Amino acid sequence: MGNSIGIVILAAGKGTRMKTDTPKALSLCAGKTLLDYVVHAALKFAKDSSLTAEIGIVVGHRKELLEEWWQTHSEREAIKLAWQKEQNGTADALKACFNDLPHFWDYDYTLVACADTPLISENEFNELFEVMKKDSTLVGVAATFETEKPTGYGRIIQDKKGFQIVEEKDASEMQKKIQEVNSAFYIIKTSHVKEVLGQISNKNKSNEFYLTDLFQTDYAVKAVKFPSETPFLGINTLEQLANVDKLIRTKKIKRMMIDGVRFLNPDQVYIDADVVIGPGSTIYPGCTILGKTKIGAGVLVESNCFITHCSIADGAHILASSYLEGAIVLEDATIGPMARLRPGTEIGPDAKIGNFVEVKKSKLGRGAKVSHLSYIGDADIGENSNIGCGFITCNYDGANKHKTKIGSNTFIGSDCQVIAPIEIGNDAFIAAGSTITKNVPSGSFALARSQQITKEGAAKKFLKSKKT
Ligand code: UD1
Ligand code: CA
């Protein structure tokens with residue numbers, strides 16, 4: 001009994017039935033690629049078992065995008081890529097793996113998995129491997145399941161000696177009625193692969209080399225029927241993608257409710273698989289929370305907020321219709337309603353961002369306030385400073401971006417602009433309506449607006465002069 005396994009994930013297909021340009025394996029499902037899910041299950045299976053294991057992913061259609069995916073994967077050391085130049089079928093894909101990664105012939109077993117099956121977990125791999133381990137005469141096992149809608153799947157044709165798999169396109173009307181189908185997850189002795197892979201022909205309706213031909217009634221192979229079809233749900237169309245996406249998100253929200261997160265209407269919230277929300281937080285309907293967003297405990301997110309790749313600390317309050325992207329919001333801060341935080345923004349503890357305020361790549365200290373109608377870009381605002389209504393950091397001179405620095409406990413009146421680069425110190429006071437072009441030292445009062453002229457009783461005369 002050997003103890004090494006090569007895990008081959010087939011991901012070269014275009015995904016023609018998806019009708020999109022992205023390779024199917026990189027389609028997003030609850031915020032992660034389909035491939036991420038399968039790789040995660042494979043890595044977990046490899047770690048939990050005592051097997052020496054390595055993952056080989058067969059890429060093809062738009063392989064540069066899969067190479068980019070690989071580059072950013074945290075466990076890329078355990079993963080190799082192989083290139084299937086033309087997508088001539090699943091058996092041809094496995095051949096491409098052995099061509100590019102010949103050391104995969106040295107593994108005792110070969111596990112084949114498809115990249116388009118995101119609900120798969122290490123449990124199915126373990127179960128399949130257990131069956132293989134128990135009977136040393138077996139050369140291969142295929143995971144199967146029964147389904148009321150077998151359309152699209154290869155059918156399991158059983159007879160006294162064993163079984164074989166017939167693809168939908170090649171099946172007779174009788175065979176199409178069979179409800180036991182192929183999941184396309186297999187564990188095969190590598191010696192068996194070596195013996196028969198080269199003999200597989202493409203004489204079928206699709207003119208493709210089918211990996212399912214590794215299983216024939218003459219071979220010592222076994223169909224391992226799993227009780228539920230859910231882990232094997234394959235994604236070939238956008239409708240199937242939407243259905244599985246929904247399953248993952250619904251499960252995620254259920255889990256979060258058990259862990260103490262309140263959803264006023266769980267059906268109306270869209271949450272990605274990697275989002276974390278702490279206990280005692282409440283999420284109103286209509287919110288979309290994406291990516292690796294982390295929300296602390298006791299946070300309130302009101303209706304229709306869009307939050308992606310953010311970190312929101314305990315006790316923060318995100319008021320209705322706010323848009324937060326790549327921002328950090330610290331404890332007990334208040335954002336919105338209708339605020340926009342852009343990447344690189346950090347809002348300090350107890351700070352306040354009010355309605356129609358846009359903040360980009362800026363840092364606000366503890367208790368700072370920008371309550372109404374303002375643009376803060378490339379700025380650093382100190383603790384407890386209060387920025388009045390209609391304030392603008394003029395950070396762009398048409399060619400370059402410049403920084404604004406405002407100290408702590410400074411007051412800026414309404415309708416002010418500062419022309420960056422500029423520094424305003426601590427405890428300063430800027431009078432309303434000022435356009436500040438020069439630095440203002442700490443403790444200073446600055447006023448930069450034109451003198452008012454008032455001519456008593458002149459209003460009527462002025463209006464008359466307008467009439468001809
Ligand atoms: C496959 C099985 C079918 C099974 C179903 C389960 C075959 C011939 N058929 O059909 O019996 O019921 O999965 O979901 O294997 N791929 C490549 N290179 C290719 C072709 C495909 O890498 O040349 C990859 C795809 O990217 C995909 C996987 O192999 O990840 C399966 O291909 P797909 O076209 O989805 O096969 P199905 O028609 O679903
Ligand atoms: Ca498929």
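Since every read-out is calculated from the coordinates, none of them should be taken as a lab result. These figures come from a predicted structure and were not determined experimentally. Here Cβ is always computed from backbone atoms with ideal geometry, including for glycine, and neighbour counts include all displayed protein chains.
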_As a test, work out the antiparallel percent of DSSP beta bridges whose residues both lie in region 4-144, rounded to the nearest 5._
10 percent
*Starting from 0 in steps of 5 Å, tell me what percent of the Cα-Cα pairs of region 1-118 lands in each bin.*
2, 12, 23, 26, 20, 11, 4, 1, 0
*Taking a cut-off of 21 Å between Cα atoms, list the lysines near K149, but don't count ones fewer than 8 places away on the same chain.*
K169, K176, K177, K225, K246
*Evaluate the distance, in nm, between pseudo-label points positioned 7 Å from the Cα of K134 and of W105 along their respective Cα→Cβ axes.*
3.3 nm
*Mind jotting down the distance between the C-alpha centroids of region 126-156 and region 203-251, whole Å?*
10 Å
*asked:* Under 8 Å for C-alpha pairs, at least 6 residues apart: give me the relative contact order for region 82-199, rounded to a whole percent.
replied: 32 percent
*Using modelled backbone amide H atoms (1.01 Å from N, in-plane), which distant-in-sequence or interchain residues come within less than 5 Å of K80's amide H?*
I55, G56, I57
_Within straight-line cross-link reach of K438, lysines at Cα separation under 24 Å, skipping those fewer than 8 residues along the same chain_ = K360, K361, K363, K369, K401, K403, K405
*Using alpha-carbon positions, what is the distance between the centroids of region 348-367 and region 280-323, in Å?*
16 Å
*How many lysine pairs does region 38-143 hold where the Cα atoms are under 19 Å apart and the two sit 8 or more places apart or on different chains?*
9
_Electrostatic dipole magnitude of region 77-182 [Cβ: Lys, Arg +1; Asp, Glu -1; Cα centre; debye, to 20]_ = 320 debye
*Ranked list, fewest to most other Cβ atoms within 10 Å of each Cβ, for R342, R255*: R255, R342
*Normalised by the number of residues in the chain, what is the relative contact order in percent for Cα pairs under 8 Å and 6+ residues apart?*
8 percent
_Equivalent ellipsoid semi-axes, region 66-192, via Cα gyration tensor eigenvalues times 5, rooted, Å_ = 27, 19, 15
*How much mean residue ellipticity at 222 nm does the chain get from its helices, if each DSSP H run of length 4 or more adds -39500 (n - 2.57) and you divide by all residues, to the nearest 500 deg cm²/dmol?*
-5500 deg cm²/dmol
*Hey, if you put +1 on the Cβ of every Lys and Arg and -1 on every Asp and Glu Cβ in region 332-420, which of F411, C394, L373 ends up farthest toward the positive end of that dipole?*
C394
*Taking K32 as the anchor, which aspartates and glutamates have their alpha carbon closer than 15 Å to its alpha carbon, excluding any fewer than eight residues away along the same chain?*
E68, D116, D245, D272, D274
*Measuring from label point to label point, each 7 Å out along Cα→Cβ, what is the A431 to N355 span in nm?*
3.0 nm
*asked:* Is there a quick way to get the dipole size of region 1-56? I mean about its Cα centre, with the Cβ of Lys and Arg at +1 and of Asp and Glu at -1; what is the value in debye to the nearest 20?
replied: 260 debye
*Give the Cα extents of the chain along the principal axes, in whole Å, largest first.*
109, 50, 45
_Cα Rg over Rh - region 347-468, Kirkwood_ = 1.13
*Might you report the magnitude of the Cβ-based charge dipole of the chain about its Cα centre, with Lys and Arg at +1 and Asp and Glu at -1, to the nearest 20 debye?*
2100 debye
_Between L238 and K466, what is 0.36 nm times their sequence separation minus the Cα-Cα distance? Round to one decimal in nm._
75.6 nm
*Report the equivalent ellipsoid semi-axes for region 135-280 in whole Å, largest first, defined as the square roots of five times the eigenvalues of the gyration tensor built from alpha carbon atoms.*
39, 18, 14
*Count the DSSP beta bridges whose two residues both fall in the chain, then state the antiparallel fraction as a percent rounded to the nearest 5.*
15 percent
